[in-house]
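The values are calculated or read from the model by the stated rules, or taken from the named source; none is laboratory data. From a predicted model like this one, the values you see are computed outputs, not experimental measurements. Here the Cβ positions follow ideal geometry from the backbone for every residue, glycine too, while neighbour counts run over all protein chains shown.
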Amino acid sequence: MERPRRGMAFLRKRSGAAACAALGVLCGCAAPPGTPVVRPDAAASAAAGEELERLHGVIDRAVEEYGKVREYRCVFQKRQRIRGVLQEPQRILLKFRKPMDVYMRWLSRQHEGQEILYAPARYGTRAIARAGGWKGAVTPPIPIDVDGYWVMRDNLHPLDRVGIGYFLDLFMRNARRAREEKASMLIDRGAEQISGRPAGVLESVLPDDPSRGYYCRRCVVWFDEGHGLPVKIMIYDWADDLTEEYLYENLDLQPGFTDLDFDRRNPAYRL
């Protein structure tokens, strides 16, 4: 990944050595740099500690801001490595309302028109799904398990783990552990434009040993510099292969949903 020209707006005046030495959190991935070199002197250690606090503040802010979010709508793009093969990106209209109301309609050609509604308070623990394309025209909607074959045939995660909140939780759990174990590097990668908005880029490099139980080897997260939430995530395994990529485009944090948005009787749905 070409390194952006300027630093993250909320991470200014960082020390170059400290930025390379800072130990950090889980999710975020762009192309890896060379191995950072850390000066083993007290001044460098102190600077690294300060930078670590600063970079962790980005994650803390994201968690705080997400706690204020009740609902959101976006175009969700996902690409995952399934059974060793990196799949084509899927673009999905995503509606999400806390605690876990989800509506998705596929926009990409491969599954165009496919719909899933998961509203456990209304419909119980199973989701309602309809295939896209000609299959959806000749078959009725069906109930599906959130972690059943219909979902997991082309997904790494169950349906009830969709959305921004799940990855923020991964951030927190892995960040706290890595911080205690001094087991990772967190690096400021500057800023890029996502959906026409500036986003700061953080890369996290975790231990090169999958047996230690971390989620991945390295990842990069793009944090919107306005609302502070992650808007793009790339995750790499221990062979440095891309395994997951997520993009939240045109994120609307005040969509004004009603119950009809999570009701199969919505006339705009085919459920």
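Please specify each residue of segment 124-154 satisfying the condition of being surrounded by fewer than 16 Cβ atoms within 10 Å (Cβ to Cβ) and under 25 Å from Glu71 (Cβ atoms). Don't jump to the end; show me each part of the working.
At the first step, the residues of segment 124-154 found to be surrounded by fewer than 16 Cβ atoms within 10 Å (Cβ to Cβ) are 124-126, 133-135, 137-140, 142-143, 145, 147-149, 152-154.
Correct list: Gly124, Thr125, Arg126, Pro143, Asp145, Asp147.
Let me spell it out: the conditions are (1) closer than 18 Å to Val75 by Cβ; (2) outside any strand (DSSP E or B); (3) under 22 Å from the mean Cα position of the chain (by Cα); (4) among the aromatic types (Phe, Trp, Tyr), and Tyr269 meets all of them except one. Which number is the exception?
(3)
May I ask you to list the residues in segment 177-204 that are more than 19 Å from Val231 (Cα to Cα) and surrounded by 14 or more Cβ atoms within 10 Å (Cβ to Cβ)?
Taking segment 177-204 and keeping what is more than 19 Å from Val231 (Cα to Cα), we get 177-185.
Selection gives Arg177, Ala178, Arg179, Ala183, Ser184, Met185.
Return the residue satisfying two criteria in turn: it lies in segment 239-258 and is touching a strand residue (DSSP E or B) at 6+ places or on another chain (Cβ under 9 Å) and not in a strand (DSSP E or B), and of such residues it is surrounded by the most Cβ atoms within 10 Å (Cβ to Cβ).
Going through segment 239-258, the residues touching a strand residue (DSSP E or B) at 6+ places or on another chain (Cβ under 9 Å) turn out to be 240-257.
After this cut, where a residue has to be not in a strand (DSSP E or B) as well, the list is 240-241, 253-257.
On the way: Asp240: 12, Asp241: 11, Leu253: 15, Gln254: 10, Pro255: 15, Gly256: 8, Phe257: 17.
Taking the candidates together, the pick is Phe257.
What pairs can you find where one residue is in segment 112-140 and touching a residue at least 24 places away in the same chain (Cβ under 8 Å), the other is among the polar types (S, T, N, Q), and their Cβ atoms are less than 6 Å apart, with a gap of 6+ or different chains?
Gly132/Gln114
Tally time: how many residues in segment 125-163 are of a type in the set (Asp, Glu) and within 17 Å of Phe76 (Cα to Cα)? Full working, then the answer.
Taking segment 125-163 as the starting set, the residues that turn out to be of a type in the set (Asp, Glu) are 145, 147, 154, 160.
Those left that are additionally within 17 Å of Phe76 (Cα to Cα): 154, 160.
Going through segment 125-163 one residue at a time, the tally reaches 2.
Among the residues of segment 259-269, which ones are exposed (fewer than 11 other Cβ atoms within 10 Å of the Cβ) and either in contact with a His (Cβ under 6 Å, 6 or more places away or on another chain) or basic (Lys, Arg) (or both)? Spell out the reasoning first.
Within segment 259-269, the subset exposed (fewer than 11 other Cβ atoms within 10 Å of the Cβ) is 265, 267-268.
Scanning segment 259-269 gives a single hit, Arg265.
Pick from Leu206, Leu156: which is within 17 Å of Tyr236 (Cβ to Cβ) and at pLDDT below 90?
Details: Leu156 fails: at pLDDT below 90.
On inspection, the qualifying residue turns out to be Leu206.
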